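Below is one structure; the comments refer to it alone.
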Amino acid sequence: QPPPPIEFAQLVCGQPSALTLYASYAGLQDRSGLKGLYTHAGRSLDAARVALRDAYRCSRPEERLRALGVASELLALDRALSGAPAAREAAEAQALLRSQIDLELATIGLSPPDSALLVNSGDCLNSGGAEAGRERDFANSGVSFGDNFGAYGGFAQGLGVAPPPEFRFIDTSLSQTLHTCFLYSQGRRAAKLRSEFRVPDKRFWHIKIRALASCRDWEALEELARERKSPVGYGPFIEACVAAGNLEEGKKYISRLGSAREKATFLVRFGCVDEARELAVLSKDSQLLESIARDELR
């Protein structure tokens with residue numbers, strides 16, 4: 001007769017070689033048993049890792065939500081882990097997935113502007129400097145475990161709707177989810193996510209600027225610039241317009257730039273060298289004038 005679960009867990013965990021063999025077997029044949037073994041042995045973090053791996057193998061969103069909930073509960077069993085990054089990330093991944101499912105349902109039948117597809121939503125991850133760290137990949141809290149998070153074959157069965165050709169929100173990072181919100185005119189939901197996940201102001205502006213420009217929504221972009229003083233400056237507005245192929249729209253923001261050198265740099269890039277020289281003269285900046293003459297601002 002097999003020993004009680006607690007005794008078995010203590011026995012196996014006390015023998016490293018036995019634990020390695022059992023973990024290899026259970027990882028393929030009895031993942032629930034492996035999770036139970038770690039739980040009975042008081043190894044909550046290892047049990048939560050198994051639960052997180054299982055979560056990202058689920059074929060249906062509601063199953064993944066439940067599995068993420070199990071991981072959060074397991075981490076909460078250990079007081080030392082309840083406030084640890086792993087516990088916070090599991091809770092955030094669960095909250096983000098719930099919001100992403102709602103967004104999938106809210107955007108059924110909607111399409112972003114065709115022009116928006118020309119700009120990679122992932123590009124928004126390259127903006128924001130050091131602030132991109134913590135909020136970069138809430139959706140991928142299980143990445144370190146080496147899982148592949150493919151598309152959900154059971155999406156239609158789980159939500160009762162026909163699956164889209166590819167998912168718009170699910171399996172994307174928080175930054176990409178915010179970007180896609182703007183593509184599908186879900187600005188209010190983006191603002192709610194911003195508040196819920198405490199997205200830094202600069203990060204949010206970078207994402208919104210790129211999204212509006214990729215949609216060629218120039219009116220909304222200009223309204224954003226007038227809303228209040230931009231926390232990221234106005235260079236990102238110009239860069240986004242250039243990336244979207246509209247130089248004339250980008251020129252509108254040159255006057256909002258802070259320094260004469262910054263203004264001159266963009267003027268030269270746009271081929272307005274005479275205007276850049278005139279600006280340098282009016283600013284009485286001989287070094288800037290010399291830089292223009294040497295073609296150093298391109």
Filter segment 246-262 down to residues that are of a type outside the set (Val, Ile, Thr), free of Cβ contacts under 8 Å to residues at least 24 places away in the same chain and within 23 Å of SER214 (Cα to Cα), then give me how many there are.
5
Go through GLU223, GLU262, GLU275 for me and flag whichever is under 28 Å from SER173 (Cα atoms), among the acidic types (Asp, Glu) and out of contact with any Cys (no Cβ under 9 Å at 6 or more places or on another chain).
GLU223
Taking segment 87-105 and the residues there that are open to solvent by 40 Å² or more (accessible area, probe 1.4 Å) and of a type in the set (A, V, I, L, M), the one that is farthest from SER72 (Cα to Cα) would be LEU105
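Quick grid of which residues meet (1) farther than 30 Å from CYS181 by Cα; (2) of a type in the set (Phe, Trp, Tyr); (3) touching a helix residue (DSSP H, G or I) at 6+ places or on another chain (Cβ under 7 Å):
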{"residue": "GLY36", "(1), (2), (3)": "yes, no, yes"}
{"residue": "ARG66", "(1), (2), (3)": "no, no, no"}
{"residue": "SER72", "(1), (2), (3)": "no, no, yes"}
{"residue": "GLN94", "(1), (2), (3)": "no, no, yes"}
{"residue": "ASP102", "(1), (2), (3)": "no, no, no"}
Apart from one, (1) modelled with pLDDT of 80 or more; (2) closer than 21 Å to ARG198 by Cβ all hold for GLU63; the odd one out is (2)
Residue selected from segment 50-77 under the condition surrounded by fewer than 20 Cβ atoms within 10 Å (Cβ to Cβ), charged (D, E, K, R) and more than 18 Å from ASP102 (Cα to Cα), by the criterion farthest from the chain's Cα centre (by Cα)
GLU73
So ILE209 fits all but one of (1) closer than 30 Å to ALA90 by Cα; (2) open to solvent by less than 10 Å² (accessible area, probe 1.4 Å); (3) touching a residue at least 40 places away in the same chain (Cβ under 8 Å); what number is the exception?
(3)
Keeping to segment 23-44, report how many residues are assigned to a helix (DSSP H, G or I), at pLDDT 70 or above and surrounded by fewer than 19 Cβ atoms within 10 Å (Cβ to Cβ).
7
Report yes if some residue within segment 265-276 is without any contact (Cβ under 8 Å) to a residue 12 or more places away in the chain and either closer than 30 Å to ALA95 by Cβ or in a helix (DSSP H, G or I) (or both); otherwise report no.
yes
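Conditions (1) open to solvent by less than 10 Å² (accessible area, probe 1.4 Å); (2) modelled with pLDDT of 95 or more; (3) under 18 Å from LEU97 (Cβ atoms); (4) under 11 Å from the mean Cα position of the chain (by Cα), marked per residue:
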position	(1), (2), (3), (4)
GLY142	yes, no, yes, no
GLY150	no, no, yes, no
GLU166	no, no, yes, no
PHE169	yes, no, yes, yes
LEU183	no, no, no, no
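The values are calculated or read from the model by the stated rules, or taken from the named source; none is laboratory data. These figures come from a predicted structure and were not determined experimentally. Methodologically, a virtual Cβ is constructed for each residue, glycine included, from the backbone with ideal geometry; neighbour enumeration extends over all protein chains shown. SASA here: full protein model, heavy atoms, side chains in, ligands and nucleic acids out. Shrake-Rupley method; radii C 1.70, N 1.55, O 1.52, S 1.80 Å.
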